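Below is one structure; the comments refer to it alone.
All of the numbers you see were taken from the coordinates with simple rules; none came from a lab. Values in this document were obtained by computation on a predicted structure and should not be read as measured data. Note that each Cβ is placed from the backbone with ideal geometry, even for glycine, and that neighbours are counted across all protein chains shown.
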Amino acid sequence: MFSLVEPHSPGSTLAAALTLAIPVSAQIAQVFIRPPLDEAAGQDYAEVALARGLRPAEVVVRHLLRPSLLPTVTIIGLVLGEVLGGSLITEAIFGRSGVGTLVQKAVAAQDVPVLLAAVVLSALVFVVVNLVIDLLYPLLDPRLRGKEDLR
């Protein structure tokens, strides 16, 4: 098999990671760059922070960045499926051995239990990552936190 880099070298790992990251990074950047920050900047708390005398850069870092991360975190969770699917092909191209190689050999051998295990594992990873993302929401945006009893 022809390969530009050795299969188990750091260069192969970097090339495979870039191959997976570049297509999805465009989606993440498109969602994150402007619209959420513009929406958060129009909120009352941003205007109050500016009125208190904070510099615009401080307002962005201290008050606007965390709430505007919600759409970005959501997109990252949804894009995970693309990355998992793309990793199977990327492993084969860059000579990396992993779940993709295991699935490829299981398909060739018609090993249904291994294929079923790979599908269940992928689904479980996807569900756990999305659960973690949902649990991160209140940490990123204080407005989503539950009201504590003040007795």
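Quote to one decimal, in nm, the extra length available between residue 107 and residue 128 on full extension: 0.36 nm per residue of separation minus the C-alpha distance between them.
Residue separation times 0.36 nm, minus the Cα-Cα distance, leaves 5.0 nm.
To the nearest 20 Debye, how big is the dipole of the range 59-151 about its Cα centre, given +1 on the beta carbon of each Lys and Arg and -1 on that of each Asp and Glu?
Rounded to the nearest 20 debye, it is 360 debye.
Hey, fewest Cβ within 10 Å first, where do 68, 122 land in order?
Going from least to most buried by this count: 122, 68.
If you rank 38, 111 by fewest surrounding Cβ atoms within 10 Å, what's the result?
38, 111
Over the range 23-142, one equal point on each Cα, no solvent: what is log10 I(q)/I(0) by the Debye formula at q = 0.11, 0.14, 0.22 Å⁻¹?
Treating every Cα as an identical point scatterer, log10 I(q)/I(0) equals -0.55, -0.72, -1.18.
Order by neighbour count: 78, 124, fewest other Cβ atoms within 10 Å first, most last.
Ascending Cβ contact count within 10 Å gives the list 124, 78.
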